[in-house]
1. Out of the residues in the range 53-94 that are hydroxyl-bearing (Ser, Thr, Tyr) and modelled with pLDDT under 90, which is least open to solvent (accessible area, probe 1.4 Å)?
2. Can you tell me which residues in the range 38-52 are of a type outside the set (D, E, K, R) and open to solvent by 50 Å² or more (accessible area, probe 1.4 Å)?
Amino acid sequence: MKTLLIVVVILVVLVILGVVGRRSRGRAVRQALVPGYSGLEHQRAAAKQARDAGVDRLKEAERHLVQAQRELISHGQTKDAQAIERLRVRLSTAADRHRYATHGYAPLGSPNPIREPS
């Protein structure tokens, strides 16, 4: 009984290793067989880095708006603070749209945007 259990455990481990190995080999095969695959991958990574850098700048601007809002509220100027809140929401929405954009989006103003079929 112990021997049968050991054999079953070994077979299960081998099957799991085979599935994991197939997935990693599949990516390597795609990169080798599909011309320009790794180039597109590098373009996607560069586009994501550019988006993240832009979003970080937008979030920094949002933090400045929040600080200005707090100062206005402490001085009793709630109407001006509400105007800043509307701007802050629009800024935050734009930042979120760019941060969570799909692979195919390139940074704003990119001379070579990535286009993928939907």
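1. Here is the first cut: in the range 53-94, the residues hydroxyl-bearing (Ser, Thr, Tyr) are 74, 78, 92-93.
Of the ones still in play, those that are also modelled with pLDDT under 90 are 78, 92-93.
Details: Thr78: 81, Ser92: 22, Thr93: 58 Å².
That would be Ser92.
2. Looking only at the range 38-52, we keep the residues that are of a type outside the set (D, E, K, R), and these are 38-40, 42-43, 45-47, 49-50.
Ser38, Leu40, His42, Gln43, Ala45, Ala46, Gln49 - these are the residues of the range 38-52 that are of a type outside the set (D, E, K, R) and open to solvent by 50 Å² or more (accessible area, probe 1.4 Å).
The values are calculated or read from the model by the stated rules, or taken from the named source; none is laboratory data. Fair warning: this is a prediction, and the values are worked out from it, not measured in the lab. All accessible areas refer to the heavy atoms of the entire protein, side chains included, with ligands and DNA or RNA removed. Shrake-Rupley method; radii C 1.70, N 1.55, O 1.52, S 1.80 Å.
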